[in-house]
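These notes are about the structure you will find just below.
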Amino acid sequence: MGNGKDYQEAANTYNVSYQQVYQWVKKYEDGGDEALKDKRGHKKEEAKLTPEEKINLQMKRLERENERLRAENLFLKKLEEIERRRK
């Protein structure tokens, strides 16, 4: 390529498509390093949340913990049942 970039060679080297390399280069040219960062799953810092958002976040955490504890209890009950049958 005239611009000194060999997208196909980069695609082959990193086992991605030509289009993916092209998109990465375009993002970098438009926004620098910051544009290439993976921001999936990143949430607002808790300090920046509204009181309502903080309550909702806490509720979700508690719901996940309750679900985990329910599953753990069911597992332990099942294990206890299996051990009783072996005796």
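The values are calculated or read from the model by the stated rules, or taken from the named source; none is laboratory data. Values in this document were obtained by computation on a predicted structure and should not be read as measured data. We place every Cβ from the backbone using ideal geometry, glycine too, and count neighbours over all the protein chains shown. Note: accessible area is taken over every heavy atom of the protein model, side chains too, but ligands, DNA and RNA are not part of it. Shrake-Rupley method; radii C 1.70, N 1.55, O 1.52, S 1.80 Å.
How much net charge surrounds Arg84 when only other residues with a Cβ under 13 Å from its Cβ are counted (Lys, Arg +1; Asp, Glu -1)?
Values: positive: Lys77, Lys78, Arg85, Arg86, Lys87; negative: Glu80, Glu81, Glu83.
In short, +2.
Based on the alpha-carbon gyration tensor of the chain and its eigenvalue square roots a ≥ b ≥ c, which shape applies: rounded if a/c is under 1.5, prolate if not and a/b is larger than b/c, or oblate?
Numbers: a/c = 7.93, a/b = 1.89, b/c = 4.20.
Note, shape of the chain comes out oblate.
Could you please state how large a percent of the accessible area of the stretch 36-87 is carbon and sulfur, counting protein chains only and using a 1.4 Å probe? Intermediate results must be reported in sequence, preceding the final value.
Numbers: 2940 of 5470 Å².
In the stretch 36-87, the share of accessible area belonging to carbon and sulfur is 54 percent.
Determine, for the chain, the count of lysine pairs separated by eight or more sequence positions (or lying on different chains) whose alpha-carbon distance falls under 28 Å.
Lysine pairs satisfying the spacing and distance rule in the chain number 28.
How much length is gained on full extension from Lys77 to Leu57, taking 0.36 nm per residue of separation minus their Cα-Cα distance?
Working: separation 20, 0.36 × 20 = 7.20 nm, distance 3.03 nm.
Extra length available between Lys77 and Leu57 comes to 4.2 nm.
For an R0 of 35 angstrom, estimate the FRET efficiency from the Cβ-Cβ distance between Glu9 and Glu46 and round to the nearest 0.05.
Values: r = 44 Å, r/R0 = 1.26.
Here the calculated transfer efficiency is 0.20.
Using just the helices of the chain, give the 222 nm mean residue ellipticity in deg cm²/dmol: DSSP H runs with n ≥ 4 each add -39,500 (n - 2.57), and the total is spread over all residues, rounded to 500. Provide the component values of the computation, followed by the final result.
Details: 3 runs with 63 residues, N = 87.
Here the helix-only value at 222 nm equals -25000 deg cm²/dmol.
Report the net charge of residues surrounding Leu69, where surrounding means a beta-carbon distance below 14 angstrom and charges are Lys +1, Arg +1, Asp -1, Glu -1. Numbers along the way, then the final one.
Values: positive: Arg61, Arg64, Arg68, Arg70, Lys77; negative: Glu63, Glu65, Glu67, Glu72.
So the environment of Leu69 carries a net charge of +1.
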